[in-house]
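Please read the structure below before turning to the comments.
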Amino acid sequence: MIENIVKSLKQEREQPFCAYIYDMPKLRRHVNKLIESLPSACRLFYAIKANSDETLLKALAPIVHGFEVASLGEIEKVRAVDESIPILFGGPGKTKEEIEGAIDHGVTFLHVESLHELQLVNYIAAQKRTSISILLRVNLRNSVPNAQLKMSGVPSQFGVDEEEVSGAIDLVRCLPNVRLFGFHFHAMSNNLDPAAHVHFIDHCFEKAKIWGKEWDLDLSYINVGGGIGINYQMVEEQFNWDNFILRLEKILEKHSDANWQTIFECGRYIASSCGYYAAEVLDIKQNHGRYFCIIRGGSHHLRLPAAWKQSHPFTIVPIEEWPYPFKRPEVNESTITVAGELCTPNDVLARNVPISRLHVGDILLFSYAGAYGWSISHHDFLTHPHPEHIYLDSEPINEADEKLVESR
Ligand SMILES: *Cc1c(COP(=O)(O)O)cnc(C)c1O
């Protein structure tokens, strides 16, 4: 069990414990299961901005169908672990250097986000005497109502407005060095509702079919983006993947006349569950009638809960040892707010969480920290030491394997 591994890791260290811990077999099992359950015309890419850690990329490269990236830096990270794996390159505001880099690194598809970008891509491809394969990113007028962040269905900096699609297709037809293979529709983040997700995919197919027919396009791909969510509030109720697959099969059957490959580019849903953030409790105190615990670490390591103003789920790993001759602070049968070591009231990872018992020196183990954790955090604000990054790689993980821990 991960708790026991944390205990033994803590025993080996003198400084207060603070680490990202990755369960690599869990990651591989999870993603293998996703790939095996997807209908055959589907492709699962990993959106590496969720976590572009090299060890994770190396583990995922042999499993996923490719990587989705949003910068030249991400292209280089991918190519450092795999010379030939398919890459999809999206994101607004691509520079000339990035587009040239994408061509040089053999990117499979560029997701073009505007009419200007279409011109720029064509120009660069012509200069290099080559052609670029693209998917056109569209910001649809409808989106998924309950998703946490929306990039589509609302005004946003992403993609071409649905109402501008005909203008974009007209333009593509005049650009000799650009080849349009399909459409790209990444539209949301952290959606937990399989029915809504499949409804969105259905809508994408409807739109792409209309455009395909109207313009007599020879399309072969539809990219429905990422956005499958993690339930941080109720960890036992996660996105129902099996239900999603049942619904997806029906929708793909309905659209089987289109004969396209359906691309998913998930970040959070792939990387989140394999990652833990473990941080030792440095202090416990009462302030204006409320209990606070202060951890070694905080939002400069795990910014997600502060960014989304939510509590991040954690369990308590009790530690027996207490090195001092004076009383060990503790709190019993109460609620506690978990704050980090930064000098800002925004450095809060969980608020008013009921707990039965917590001591200074115990370790809080935050789960679902593998995506948008370390990678989105402001590591050097206040110049505290970084956490360790520990990769558990024994198969299977159980108590007998506690010693088989690999550390960077
Ligand atoms: C961030 C992003 C993703 C991944 O989103 P998740 O919510 O992590 O699945 C996929 N595609 C694009 C274009 C993105 O910007």
Subject >> Out of Ile75, Ile85, Ile99, sole residue that is β-branched (Val, Ile, Thr), in a helix (DSSP H, G or I), more than 16 Å from the ligand (Cβ to nearest atom) and out of contact with any Ser or Thr (no Cβ under 8 Å at 6 or more places or on another chain) >> reply: Ile99
**OP:** Scan (1) part of a loop (DSSP other than H, G, I, E, B); (2) out of contact with any helix residue (DSSP H, G or I) (no Cβ under 9 Å at 6 or more places or on another chain) for the single condition Gly298 breaks and write down its number.
**Re:** (2)
**OP:** Please work out if Lys58 is over 17 Å from Gly106 (Cβ atoms) and either within 12 Å of the ligand (Cβ to nearest atom) or outside any loop (DSSP other than H, G, I, E, B) (or both).
**Re:** yes
**OP:** Starting from residues that are assigned to a strand (DSSP E or B) and within 16 Å of the ligand (Cβ to nearest atom), keep the ones in region 254-295 and report whichever is nearest to Ile336 (Cα to Cα).
**Re:** Gly275
**OP:** Collect the residues in region 201-237 that are in contact with an Asp or Glu (Cβ under 8 Å, 6 or more places away or on another chain) and within 16 Å of the ligand (Cβ to nearest atom), keeping them in residue-number order.
**Re:** Asn223, Gly225, Gly226, Asn231
Original post:
Is at least one residue of region 219-226 more than 19 Å from Gly159 (Cβ to Cβ) and either at pLDDT 95 or above or among the hydrophobic types (A, V, I, L, M, F, W, C) (or both)?
Top reply: yes
Original post:
Can you pull out the residues in region 34-55 that are in contact (Cβ under 8 Å) with a residue 12 or more places away in the chain and in a helix (DSSP H, G or I)?
Top reply: Leu34, Ile35, Ser37, Ile48, Lys49, Ala50, Glu54, Thr55
**OP:** Would you point out which residue out of Asn191, Asn139, Asn240 is within 14 Å of the ligand (Cβ to nearest atom), under 20 Å from the mean Cα position of the chain (by Cα) and of a type in the set (S, T, N, Q)?
**Re:** Asn191
**OP:** Please enumerate the residues belonging to region 126-139 that are in contact with a strand residue (DSSP E or B) (Cβ under 9 Å, 6 or more places away or on another chain) and either assigned to a strand (DSSP E or B) or of a type outside the set (Gly, Ala, Ser) (or both).
**Re:** Ile132, Ser133, Ile134, Leu135, Leu136, Arg137, Val138, Asn139
Original post:
Scanning for something within 24 Å of the chain's Cα centre (by Cα) and modelled with pLDDT of 95 or more, does region 314-332 turn up at least one residue?
Top reply: yes
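The values are calculated or read from the model by the stated rules, or taken from the named source; none is laboratory data. These numbers come from a predicted model, not from an experiment. For neighbour counting, all protein chains shown are included, and Cβ atoms are generated from backbone atoms with ideal geometry for every residue, glycine included.
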